[in-house]
1. Among Ser124, Ser225, which is the only one that is crowded, with 24+ Cβ neighbours inside 10 Å and modelled with pLDDT of 80 or more?
2. Can you name the residue in the range 431-445 that is in contact (Cβ under 8 Å) with a residue 60 or more places away in the chain and among the β-branched types (Val, Ile, Thr) and is also nearest to Arg190 (Cα to Cα) among such residues?
3. Looking at (1) assigned to a helix (DSSP H, G or I); (2) in contact with a helix residue (DSSP H, G or I) (Cβ under 9 Å, 6 or more places away or on another chain); (3) β-branched (Val, Ile, Thr); (4) surrounded by fewer than 23 Cβ atoms within 10 Å (Cβ to Cβ), find the lone condition where Val553 falls short.
4. Can you tell me which residue within the range 173-193, out of those that are within 26 Å of the chain's Cα centre (by Cα) and in a loop (DSSP other than H, G, I, E, B), is nearest to Ala491 (Cα to Cα)?
5. Taking the range 313-344 as the search range and keeping residues that are touching a strand residue (DSSP E or B) at 6+ places or on another chain (Cβ under 6 Å) and among the acidic types (Asp, Glu), which one is modelled with the highest pLDDT?
6. Phe70 - would you say it is more than 24 Å from the chain's Cα centre (by Cα) and not in a loop (DSSP other than H, G, I, E, B)?
7. Which of the residues spanning the range 254-302 are buried (at least 17 other Cβ atoms within 10 Å of the Cβ), at pLDDT 80 or above and in a helix (DSSP H, G or I)?
8. Picking from Thr170, Thr116, which residue would you name as being assigned to a loop (DSSP other than H, G, I, E, B), more than 17 Å from the chain's Cα centre (by Cα) and either farther than 21 Å from Val601 by Cβ or modelled with pLDDT of 85 or more (or both)?
Amino acid sequence: MFDLPDIPNNHALAILLLTVGALYLFRRDDIRLETSCLAVLLMVIVGFHLFPYVPENGQKLEATSFFLGFGHEALVSVCALMMAGQGLVRTGALEPIGRLLAKIWKSAPIISLLLTLVIGGILSAFMNNTPIVVLLLPILISVSLRTNTSASSVLMPMGLATLVGGMSTTIGTSTNLLVVSVAADMGMKRMEMFDFFPAAAIAAAVAIAYLWLIAPRITPERTASMSDSSPRLFTAHLTIKEGGYADSKTLAEVIAHAGGQLKIERIQRGEQSDARIMPMPDVVLQAGDRLRIVDTPDNLKEYEVSIGARLFMGKHAVDDEHPLVAEDQQLAEVVVVPGSPLAGSTLKNIRFIDQFKLVAIALHRGGKAIDLYRKLGNVTLQLGDVLLVQGPRENIAKMKQQGDLLVLDATTDLPHSSRAPIALIIMFGIIATAAFGILPISISALLGVSLMLLTKCMDWRDASLALSTQVVLIVVASLALGQALLVTGGADYLAESFLVIFSGAPPVVILSGLMLLLAILTNVVSNNAAAVIGTPIAISVAQQLQLSPEPFVIAVLFGANMSYATPVAYKTNLLVMNAGGYQFSDFVRIGGPLVILMWLVLSFVVPMLHPLSPS
């Protein structure tokens, strides 16, 4: 039996309250995560500076010590691995795998789904799963379009499979690196790359079976992105009819009469190709003038009636025999992914039309397609947004080859270069040197980034795009909160309270309860924050039970990785949600049972493979 814990000191109480506030801020969609992280970090630092804390050893805790997260080994490792992963993406090193899967999908879709899940899981064990999802999304969507099947039945299983695979090694996710590093900082023996791989592999096998055999059958059918409902733009001419409204009116009057939305690119007067008039507001239109405009079919027909004109495509009037056509035009769906120049910016700010020679005509966000193309340039884009763009095939191919944007629906190949084998060798070297204990992962990853830069597998621009301000700040803020909880005794208080709740329960049940607590928390707030806060609690629980801390730390690691039940739990969930047209409830329906399944399996496997031995 455990007695009720004593009320913690004022500093611990303040940090506990701040932790609750931080977890609330981290889940708010209307506040940028970077802003929340910076605010939490400042509150910790300023608070300890204005109200100094002196532990029992009498040595004052310096507020500036919380800045050490910016130089923490875990953060260095995370950033270096993100940059190294970008080298694989830029060289197209993973593209042969994508081509192989695309070929197999044509002949054996059921086996191909299993192969896709397995390959996605294995790759995610050694690199960030975002580029893997980016690689597989267009393949699966393209296959579904060609076979006239629903992409929604395969996209979510694929995304969840990469999350399952990511928890099997110390470098699989930033969450793993943080847990391992924080535990080592607290005096626990540092875990090696494959120390918890057997337990993760057993659970992953069960998860893959669920995602292969059950998840596709219980996933509601959704419309992927904007494949059916989004508008398409057409270039056409409106020829002014004699006696019509526009005849002898100024251009300004005609535009106002059309509702102010008519956008005229040029005016052709006469048969000579050079007989063009600048579309100035005071130009007086005449019968026979041809107005070149680009718009949707509905708007084009509306303008034809409202201004008294005739709609032409080339030499033919638009009718049933000569409908609107878009020659050499292609629609493409572009996803806003981490590192994209679109993330957190607007199309106007990055000069999208000038840079890519394409027109964005619709935005897909939160499960809904929105026709905003006339005002889309001023909309601040978010991670997971899907833009429908239109333009010549050549321009879409160029955009895709640049590699900055994820193009879901286009016929061109992904980038591939002769340096792909070099990038693969470098990544293998990063993993091998860390796995065999030759170099710490922070050093081997940085060395790998240097080699990728030297061999021109990527340049500094690519490396900087790979870095995420969100990841950096959430790691630093979480480390600061975790350290504050530890030094003030807040972690001990939470651990004691946790043990009171489970008073009299066997250690196996306590471990299982801790894992479930983290699994719930990680689906509501950042998994990194949950992991860094949970690790000190796990070690404190183990110390009070006088047991080895390793099984409890592994339980925290696995629990914090179960980001399956909500789309906001992990960034790739948002990408999959928007690409597949899923709703929030779909993740609960598919990911919720997966959380329970993984929790039950790991609650049995972890104590078996990592015995709860006395410390």
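1. Answer to the check: Ser124.
2. Ile441
3. Single failed check for Val553: (4).
4. Thr173
5. Glu333
6. For Phe70, the condition - more than 24 Å from the chain's Cα centre (by Cα) and not in a loop (DSSP other than H, G, I, E, B) - is not met.
7. Val254, Ile255, listed by residue number.
8. Thr170
The values are calculated or read from the model by the stated rules, or taken from the named source; none is laboratory data. Keep in mind that this is a model prediction, so the values were computed, not measured. In this analysis, Cβ positions are derived from the backbone assuming ideal geometry, glycine residues included, and neighbour counts consider all displayed protein chains.
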